[in-house]
Amino acid sequence: MGRLKGKVAIVTGAGRGLGKGIALKLAEEGAKVVVSDMLEADAAACVEEIKAAGGEAVAILANVAKLEDVEALFQGTIDAFGRVDTVVNNAGINRDGMLHKMSDEQWDSVIAVNLSGTFYVTREATKHLRAQKSGAIINISSMSWMGNLGQANYAASKAGVVGLTMTAARELARNHVTANVICPGFIETDMTRGMTEDGWNMMIGKVPMGYAGKPSDVGNLVAFLASDDAKYITGQVIEVSGGMII
C-alpha cells in the first residue's frame, strides 16, 4: 500500500516474534525500519527478510534498559536515515512468579526493561518528534496490565506503560505527535508455540474468536497508527485480542 513511504520507524525487540511481525509490516507499508534488538543474529535475519522483500532496514543492537544504548539507537537511526517518524516500544521480558515468592531481581529486571526502557526510548523520541512537530509513539502493553496471576512485576510494568503513554499523549498533542497503547491478547509466537497442548488449549478457550492472533494482526494496527490516517487519534488503549475482554 505504501502509506508509510518516506517515514522512518524504530521498532525495539524486533528480532523475532511480535516485534519482527511489526517491523515486517511497517516495511511492507513503505517505512524505512530500524530493527533494534539485543541479539545480533535475530536482528540481522529480520533486516535481510525486509531487504529480500524490497524494503529498507538496518539493525542497531540496544538494551533499552541502558540509557547509553538508547541514545546510541537514536543517533544510529539519524545517521542511517536522517530522521525518526515512528517509535514502537515493543521490547519486553517476563520473569513470572507468585507475589509472595517474587525476588527483588525478578521485580527489578522486568521493571528495568518493560517500564524504564519504554520511558528512556519515549523520552529520547520526544526530542526529535517535538522539534519536527509530527510523529507517532506506539507502545506495546499487554492484556496483563489489569492484573494476572504470577505476574505482579509484568502487570505493574505494563500498567505503567499505559500511564506513561497517556501522559505523553497529553504533553505531545500540541506538537502534533500522537501516543497510543496496544494491548495484544494471545498471539502466536515462538514463545507461545512452546506451550504445552493443555496450556495452549486453555488460552484459546479464553478467546471468543477461537484462535490465536498473528504478529501481523498487531502489525496492521501499528501501521495504521503510524500513518497519517491516524493523525487525530491519540491517548488510546486498543486491544488486539479476539475479544478476550468484552
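Taking the Cα atoms of the range 8-240, the ratio Rg/Rh between the radius of gyration and the Kirkwood radius comes to 0.95. When you filter the chymotrypsin sites (Phe, Trp or Tyr not before Pro) in the range 155-246 for DSSP loop state and at most 16 other Cβ atoms inside 10 Å of their Cβ, you are left with TYR211, TYR232. Give the angle, between 0 and 90 degrees and rounded to the nearest 10, that separates the Cα long axis of helix 117-132 from the longest principal axis of the Cα atoms of the chain. Helix 117-132 sits at roughly 30 degrees to that axis. For the chain, adding -39500 (n - 2.57) for each run of n ≥ 4 DSSP H residues and dividing by the number of residues yields -13500 deg cm²/dmol at 222 nm. The stretch between MET195 and ASP228 holds 8.1 nm of extra length on full extension. This uses 0.36 nm per residue minus the Cα-Cα distance. Normalising the average separation of contacting C-alpha pairs (under 8 angstrom, six or more residues apart) by the number of residues puts the relative contact order of the chain at 20 percent. Ordering ALA14, ALA52, GLY92 by the projection of their Cα atoms onto the charge dipole of the range 1-119, which places +1 on the Cβ of Lys and Arg and -1 on the Cβ of Asp and Glu, puts ALA52 at the extreme positive end. Using r as the Cβ-Cβ distance of ALA72 and ARG123, and R0 as 22 Å, what FRET efficiency do you calculate, to the nearest 0.05? Calculated transfer efficiency: 0.90. GNM remark for the chain: springs join alpha carbons under 10 Å apart, and the peak mean-square fluctuation among GLY160, GLY82, GLY13 falls on GLY82. When only the Cβ of Lys, Arg, Asp and Glu is charged (+1, +1, -1, -1), the dipole of the range 8-240 relative to its Cα centre reaches about 700 debye. Residue order for SER141, SER36, SER241, fewest other beta carbons within 10 angstrom first, comes to SER241, SER141, SER36. For the chain, modelled as a GNM whose springs connect Cα atoms under 10 angstrom apart, the maximal fluctuation among LEU225, LEU149, LEU164 occurs at LEU149.
Considering only LYS127, LYS206, LYS51, the Gaussian network model of the chain with Cα springs below 10 Å gives its largest mean-square fluctuation to LYS127. Distance between the modelled labels on HIS176 and ALA131, one decimal in nanometres: 1.8 nm (7 Å Cα→Cβ projection).
Each reported figure results from applying straightforward, stated rules to the coordinates on display, with no laboratory input. Since this is a predicted model, take the numbers as computed values, not measurements. Reconstructed Cβ throughout: ideal geometry from the backbone, glycine too, with neighbour counts over all protein chains shown.
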